[in-house]
Amino acid sequence: MNETVVTLVGNAATGVEFRETATGGMARFRFAVTARRWDREQQLWTDGHTSFYTVWAWRTLAANLAGSVSVGEPLLVHGRLKVREEERDGQRRTFVDIEAVAVGHDLTRGTAAFRRVLRGDPTLTARPGRRDAAVVAGEAAGSPAQAATGMMMRQEPLPELASAP
């Protein structure tokens, strides 16, 4: 089967909706991609048309998205393009979805701190405002490893940077 794989650069237009399913976690959010063009006459960048996509993610990627992405953040989304048509209220509508394989922050527009996760500690993928609630839930369940999404960070020391001569 042929698939169309795309990489998009844009911004999270909505918050990530996360749900547990029988086969693992599922997440979705809307993603906005706006073309930018240099206007030679005015000597400035102008925005073109904005396209919106629904990004879908599954399992570990879904859980990590829920704990890492907020509205308005610049992202890169890589995945399979899916176009579907539906009839709603007597009108044909076209929807464009991306089944994500990888999602990351756009580091040309800011910095990020990466945390590797392993199964077991949900506090590491919890949003900053929800981290305390996840810790409390984990303690109530007996250990942080038994709560929510079950992700744990591997503590690794940072390698020493070699001094440049």
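Every number here is computed from the coordinates shown, using simple stated rules; none is lab data. Computed from a prediction, not measured in an experiment: that's the story for all the values here. In this analysis, Cβ positions are derived from the backbone assuming ideal geometry, glycine residues included, and neighbour counts consider all displayed protein chains.
Quick one: how many residues across the stretch 45-63 are touching a residue at least 24 places away in the same chain (Cβ under 8 Å), out of contact with any Pro (no Cβ under 9 Å at 6 or more places or on another chain) and either not in a helix (DSSP H, G or I) or not hydroxyl-bearing (Ser, Thr, Tyr) (or both)? Qualifying residue count for the region: 11. For the residues Val71, Val6, the requirement of being among the hydrophobic types (A, V, I, L, M, F, W, C), surrounded by fewer than 17 Cβ atoms within 10 Å (Cβ to Cβ) and not in a strand (DSSP E or B) singles out Val71.
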